[in-house]
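Visitor: Mind looking over this structure? Questions follow.
Laboratory data are not the source of any read-out in this text; all were calculated from the coordinates shown. Predicted, not measured: the structure shown is a model, and the values here were computed from it. Every residue, glycine as well, gets a Cβ built from its backbone with ideal geometry; the counts of neighbours run over all protein chains shown.
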Amino acid sequence: MNYNKKTIRDVDVAGKKILLRCDFNVPQDKETGAITSDKRIVAALPTIRYLLERNAAVIACSHLGKPKGEWKPKLTLAPVAERLSQLLGQEVIFAKDIVGEDARAKAAALQGGQIMLLENLRFDPREEKNDPAFAKELASMAELYVSDAFGTVHRAHASTAGVAAYLPAVSGLLVAKELEVMGGALNDPKRPFVAVLGGAKVSDKIGVINNLLDKADTVIIGGGMAYTFAKAQGGSIGKSLCENDKLDYALDMIEKAKKNGVQLLLPTDTVAADDFSNDAHRQVVSTMAIPEGWEGMDIGPDTIKTFCGAVRGAGTVVWNGPMGVFEFDNFAAGTRAMAQALADSGAITIVGGGDSAAAVEQMGFADRITHISTGGGASLEFLEGLELPGVACLLDK
Ligand code: AMP
């Protein structure tokens with residue numbers, strides 16, 4: 001997959017009317033609808049400011065939540081327009097529809113240096129169906145398309161890929177950074193390249209493990225995933241997480257690592273609990289001999305030493321998925337140690353979105369990580385080496 005795509009810095013944006021796909025899918029209070037974190041809106045500011053400073057007229061658009069093609073007033077983007085306006089210190093004109101009369105009139109009247117926001121794209125069922133007529137209507141309001149919603153580039157929707165059939169398409173600054181850092185790590189990593197994978201389910205990360213065994217020098221597997229590997233090798237894992245239909249796959253991956261000369265590190269010891277709770281009794285046991293009735297909740301101290309040692313000597317580290325049930329403080333040590341090891345290493349460090357990103361932020365290491373990806377599903381598909389429709393549709397450099 002080619003990640004070398006044109007960005008807003010490579011084209012003339014001055015005075016242009018621009019359709020800007022943002023990720024304004026912000027968390028909201030269930031009762032009041034109030035925005036509980038404006039991080040995603042703040043993250044969009046550099047691209048928006050870059051365009052407005054060059055006198056572009058910005059037609060921003062995004063989805064919010066899962067309205068499933070229905071007009072759901074609770075999921076209106078109006079509060080986002082308001083917050084964006086406060087952050088930018090200028091008016092954000094809000095359209096009451098997406099490609100309807102109001103949006104089209106406001107887009108036509110929009111002047112250079114002004115910004116407007118369309119209503120929630122997913123209110124229209126044609127968005128997620130990547131309907132060409134809908135994509136064409138969206139595109140017809142602008143002269144250039146800018147993709148800056150990394151969280152949705154793995155989806156072929158009208159606003160993430162379809163519009164590129166009708167407009168020249170480039171990336172915004174957020175997507176550009178994702179492509180530069182993650183693309184660089186996958187295509188030309190500074191070695192040794194260490195991949196750290198954790199989280200609950202092997203099945204979610206099958207493609208990622210498989211792809212990284214072709215690219216990395218060391219692959220580390222922790223978290224709940226590791227017990228499927230332990231059982232596949234004849235271990236007793238008590239009531240730990242296990243995907244019995246993935247035992248053969250685990251053995252195949254162990255074989256593949258050997259064949260490719262990749263160091264595959266699995267946990268040797270485990271912090272086991274007699275109950276899935278923070279206050280459960282705990283004991284450190286061999287990962288291959290977890291007692292009946294106990295479950296593996298975190299990597300043990302020997303494993304922490306081995307895993308973190310591998311990270312310390314790395315040139316590039318990619319991390320996706322926690323090492324244990326980090327939501328429980330008593331089982332967060334492995335994940336915390338891994339976050340610390342990434343922060344302390346001199347390596348290029350990349351944390352895939354989702355739970356590991358949340359853990360790194362919660363634990364206070366975020367500012368010492370090279371790049372924390374903003375897309376959960378998108379960064380996983382990126383690491384799988386899959387073609388991302390929202391990236392493939394952008395102009396090559
Ligand atoms: P994922 O979404 O696949 O990255 O998984 C993240 C989740 O995996 C987190 O909520 C963790 O609590 C969970 N997890 C990590 N290790 C374990 C484990 N040993 N047993 C059960 N759940 C785990």
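Visitor: Could you list which residues have their amide H under 5 Å from that of V196, counting only those 5 or more apart in sequence or on another chain, with H placed in the peptide plane?
Guide: Those lying under 5 Å, H to H, from V196 are I220, V318, W319, N320.
Visitor: Continuing with this model, one more query. So what's the angle, to the nearest 10 degrees on a 0 to 90 scale, between helix 247-260 and the longest Cα principal axis of the chain?
Guide: The two axes meet at around 90 degrees.
Visitor: Ok, one more. Which three extents, in whole angstrom, do the alpha-carbon atoms of region 33-109 cover along their principal axes, largest first?
Guide: Sorted from largest, the Cα extents of region 33-109 read 36, 31, 17 Å.
Visitor: Of the DSSP beta bridges with both residues in the chain, give the percent that are antiparallel, rounding to the nearest 5. Walk me through the numbers before you get to the answer.
Guide: On the way: 11 of 50 bridges.
Looking only at bridges with both residues in the chain, the antiparallel portion is about 20 percent.
Visitor: For the chain, what is the mean residue ellipticity at 222 nm derived from helices alone (per DSSP H run of n ≥ 4: -39500 (n - 2.57); sum divided by total residues; nearest 500 deg cm²/dmol)?
Guide: -10000 deg cm²/dmol
Visitor: Do any of K201/K231; K66/K96; K39/K74; K6/K259; K129/K256 go past 26 Å between their Cα atoms, and which?
Guide: Correct reply: K6/K259; K129/K256.
Visitor: What nm value, rounded to one decimal, do you get for the distance between R54 and A14 when each label is placed 7 Å out toward the C-beta?
Guide: 1.0 nm
Visitor: A further question follows. For an R0 of 41 angstrom, estimate the FRET efficiency from the Cβ-Cβ distance between M1 and K68 and round to the nearest 0.05.
Guide: 0.85
Visitor: Loop-only trypsin sites (Lys or Arg not before Pro) in region 23-54, please: DSSP not H, G, I, E or B, and at most 12 other Cβ atoms within 10 Å.
Guide: Sparse-neighbourhood loop trypsin sites (Lys or Arg not before Pro): K30.
Visitor: Can you give the angle from 0 to 90° between the axis of helix 301-312 and the longest principal axis of the chain, with both taken from C-alpha atoms, to the nearest 10?
Guide: Relative to the chain, helix 301-312 is tipped by roughly 50 degrees.
Visitor: Also, quick follow-up: Among the DSSP beta bridges whose two residues both lie in region 217-350, what percent are antiparallel, rounded to the nearest 5?
Guide: Among the beta bridges of region 217-350, antiparallel pairing accounts for roughly 55 percent.
Visitor: Also, quick follow-up: Given 25 °C and 0.890 mPa s, compute D for region 1-151 with the Stokes-Einstein relation, Rh being the Kirkwood radius over Cα pairs; round to the nearest whole µm²/s.
Guide: Diffusion coefficient, whole number: 157 µm²/s.
Visitor: Multiply the residue gap between K256 and K39 by 0.36 nm, knock off their C-alpha separation, and tell me the result in nm, one decimal place.
Guide: 74.1 nm
Visitor: Largest first and in whole Å, give the semi-axes of the chain's equivalent ellipsoid, each being the square root of 5 times a Cα gyration tensor eigenvalue.
Guide: Three semi-axes, in Å: 42, 22, 18.
Visitor: Shifting gears a bit: Taking amide H atoms as placed 1.01 Å from N in the peptide plane, list the residues 5 or more away in sequence, or in a different chain, whose amide H sits under 5 Å from that of I372.
Guide: Under 5 Å from the amide H of I372: V351.
Visitor: Local charge sum around D252 (other residues, Cβ-Cβ under 12 Å, Lys/Arg +1, Asp/Glu -1)? Mind showing how you got there, number by number?
Guide: Details: positive: K246, K256, K258, K259; negative: D248, E255.
So the surrounding residues net to +2.
Visitor: Among all the aspartates and glutamates, which ones have a C-alpha under 12 Å from K215's C-alpha, if same-chain residues fewer than 8 places away are not counted?
Guide: D188, E384
Visitor: What does the charge count near G183 come to, summing +1 for each Lys or Arg and -1 for each Asp or Glu among other residues with Cβ under 15 Å from its Cβ?
Guide: Numbers: positive: K5, K6, K177, K190, K215, K397; negative: E178, E180, D188, E381, E384, E387, D396.
It works out to a net charge of -1.
Visitor: Provide the net charge surrounding H63, with neighbours chosen by a C-beta distance below 15 Å and charges set as Lys +1, Arg +1, Asp -1, Glu -1.
Guide: Working: positive: R21, R40, K66, K68, K72, K74, R122, R126, K129, R155; negative: D23, E70, D97, E119, D124, E127, E128, D131, D148.
Spelling it out: positives minus negatives among the neighbours equals +1.
Visitor: GNM on the chain, C-alpha springs below 10 Å: top fluctuator among V196, V311, V26?
Guide: Evaluated over the chain, the most mobile residue of the options is V26.
Visitor: Tell me the Kirkwood radius of region 180-302: reciprocal of the mean inverse pair distance over distinct alpha-carbon atoms, in Å.
Guide: 15.0 Å
Visitor: How much length is gained if the chain between D248 and D279 is pulled fully straight, taking 0.36 nm per residue apart and subtracting their Cα-Cα distance, in nm to one decimal?
Guide: Working: separation 31, 0.36 × 31 = 11.16 nm, distance 3.45 nm.
Extra length available between D248 and D279 comes to 7.7 nm.
Visitor: Sticking with this one: If you average 1/r over all unlike Cα pairs in region 344-397 and invert the result, what Kirkwood radius do you get in angstrom?
Guide: On the way: mean 1/r = 0.0805 Å⁻¹.
Roughly 12.4 Å, rounded to one decimal.
Visitor: Also, I was wondering about something else. Can you give the percent of C-alpha pairs in region 298-397 whose distance is more than 23 Å? Walk me through the intermediate numbers first.
Guide: On the way: 1403 of 4950 pairs.
Pairs farther apart than 23 Å: 28 percent.
Visitor: Under unit Cβ charges (Lys, Arg +1; Asp, Glu -1), what dipole magnitude, rounded to 20 debye, does the chain have relative to its Cα centre?
Guide: 920 debye
Visitor: Hey, with R₀ at 56 Å, roughly what FRET efficiency would D97 and D302 work out to, going by the Cβ-Cβ distance, to 0.05?
Guide: 0.40
Visitor: May I ask for the angle, rounded to the nearest 10°, between helix 39-53 and the longest principal axis of the chain, with both axes built from Cα atoms and the value confined to 0 to 90°?
Guide: Roughly 40 degrees between the two axes.
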